[in-house]
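Below is one structure, written out as structure tokens; comments come after it.
The values are calculated or read from the model by the stated rules, or taken from the named source; none is laboratory data. Since this is a predicted model, take the numbers as computed values, not measurements. Here the Cβ is made from the backbone with ideal geometry for all residues, glycine too, and neighbour counts use every protein chain on show. Surface accessibility is based on the protein's heavy atoms, side chains included, excluding ligands, DNA and RNA. Shrake-Rupley method; radii C 1.70, N 1.55, O 1.52, S 1.80 Å.
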Amino acid sequence: MAVNGCICKMLEQSLRLERRHRKEYTCVLVWTIALLAITLWTQDVSATGINCASVRYTYEERGFSAGEVPNDPLSGEHLRVCPQGLTCCTEEMEHNLSAQSRREFDRAVRDTLNKLGTLLKLRAQRFDDFFKELLTTSKREFHDMFKKTYGIIYEQNSYVFTDLFEELERYYAKGQVDLGEAMENFFNTLYQKMFTVLNAQYEFDDKYLGCVGEHMKELKPFGDVPHKLSIQLKRSFVATRTFSQALNVASDVVTNMVKINPSPDCVRALTKMTGCPACQGLPELKACSNYCINVMKGCLAYQAELDADWNNFVDAMEKVTDRLLGPFNIEMVVEPIDIKISEAIMNFQENGPEVSQRVFSGCGKPLLGRRRRDTTELEFESLQFERSEDAQNGESNIVPTLDKLVKDIRQKVKDTKQFWSHLPYQICNNDHVAASPAKDDSCWNGAMKARYELQITGDGISNQQTNPEVTVDVNRPSSLLNEQMFALKTITSKLKNAYNGQDVEWIDAEESSYGSGSGSGDGNDIEDDDMEGSGDSGHFGYGTGTGSGGTRQFPRPPNNDMDNNLHPLGADGGMDRHRPRNNTSGGSSANARPKISVTRAVTSYLLPIVVMWFGGIFSDWL
């Protein structure tokens, strides 16, 4: 009996120990199942990539009310552009992000083009100021020198020389002057005046002076100075004015291209690229580089269409610049104009008696007048122009200051070659806009955080038929674009004529319409409110940045200095804290209590019940 009691006791202890171990195992199993369920729930939430808390902060940083952001993801059937799965965006939020994407794009393009337009305009103004000062100085020095040398004789006939300078100034200002005819009239008038001064003992009526003028080409009283000076002045003034006008036309073309508005399809693509990551709970995720370039090529298709004509313009400008630095150097022609005209006068003096006799032979002997000798009349021998030794050798002590200015302009214009085709790369070459190619596996590809697999499309409108991101109507003309293309073709043709030393016909400035940009842009009109704003944080880098300057290794066309010189986009990598006016037109969806997703509801409410159920089963089993 004692043995049996001991055995029963041992069996009872063994069963109790087994039951306790089984209970421990059950607890471990229950908690393992619970932990697995929680893990699965967490993975389910993270798999959606949705974290509305981060969206709330970024959305507020962009200047919008954080109250519009839902606390939890909601179903996105209401979205028109962004993915319609789980989302952190209400309909009002998507609208706000779309408007912001449009504004940022407009600012990026406008700042880039305005910077180029201003650069060209300032160079044109600097060149214009230099030339006008050169002409004014030459005119003043001419007057002082001739007055000192010829005294009252010059003052009595100074209008002859003044008229010449006025014709030169008028040509540079308006172009409506035949320079060859102007120079011929000047020397013909000077010839008659000189003839009467050298033959002051005779009286000449208008008929006789007309006969004198007819013999000018035959007698060549001024030697070859009129011919050489006329060619030099004409070629230099034509090239100078064309060069100056070309800078202004190019500046106007660039400024007018700002008026081409993005199409609705472009705005949708911009929203998808810069706004939709926030809706997916990835507000800091930037677009893949190639994805950004495709979007920009579609949005800037009309701008890229200008590239060929612009490149031809740049080439023509470079050739004319070579002329201005060489045989058509206006500084080398205008500054010594007093010496050259004085040389012509001295040639007349030296050949005066012979010229006079030949004129008398052809026109008849004039009648002697009542000659009075007084202090206002100069002796023939006194008409000696004071010239330096260099001037007598046909040289002058001129320090060429034009070279530096023209060379600077030539380099700035040369840097703009392929500007229009490089524009999409230039905008995407910024940390605010797109991710570095080194992050191609962790960037926004338009749908998710993944590599962008599609190829980059070509430049221009025709190539956008294959653009996977932006639908471009390749058959839709743009009157504004056509006007700018015509303006570039016209000024390029004038530059070629100037380079070849040919005359250039000019339309009066009041009648000229090219480059005016009166046509309407494409796409939606920009409202004033969209254009103002007080500084969005800017995916496109609008803010206090000064340019990234080629620090990114993008797949891009050949390097161009314009990326450094004209890049308006910020590179500080920070947020611009200035905010636009809050949008107060939001609908009820912005303030409504967000819906709870099915997955979240199941995992949140049923998980404890499932755990408790499993626990009850195992307790009963025990």
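From the list 115, 121, pick out the single residue that is touching a residue at least 40 places away in the same chain (Cβ under 8 Å) and within 28 Å of residue 329 (Cβ to Cβ).
Checking each option against the conditions leaves just 121.
Can you find a residue that is among the basic types (Lys, Arg), within 14 Å of residue 290 (Cα to Cα) and either in contact with a Phe, Trp or Tyr (Cβ under 6 Å, 6 or more places away or on another chain) or open to solvent by 60 Å² or more (accessible area, probe 1.4 Å) (or both) anywhere in region 450-466?
yes
For region 391-435, enumerate the residues that are open to solvent by 50 Å² or more (accessible area, probe 1.4 Å), in a helix (DSSP H, G or I) and modelled with pLDDT under 90.
Residue satisfying the conditions is 392 alone.
Could you give every pair whose Cβ atoms fall below 8 Å, whose first residue belongs to region 175-203 and is farther than 23 Å from residue 152 by Cα, and whose second residue is open to solvent by less than 30 Å² (accessible area, probe 1.4 Å) and of a type in the set (Val, Ile, Thr), counting only separations of at least 6 or pairs across chains?
175/504; 179/238
Restricting to region 53-71, give me the number of residues that are part of a loop (DSSP other than H, G, I, E, B), surrounded by 16 or more Cβ atoms within 10 Å (Cβ to Cβ) and modelled with pLDDT of 75 or more.
Counting residues in region 53-71 that are part of a loop (DSSP other than H, G, I, E, B), surrounded by 16 or more Cβ atoms within 10 Å (Cβ to Cβ) and modelled with pLDDT of 75 or more gives 4.
Kindly state which helices (runs of 4 or more DSSP H) lie completely within region 146-256 and contain at least 2 residues that are at pLDDT 90 or above.
Values: elements: 152-156, 158-174, 179-198, 206-214, 216-219.
The qualifying helices (runs of 4 or more DSSP H) are 158-174, 179-198.
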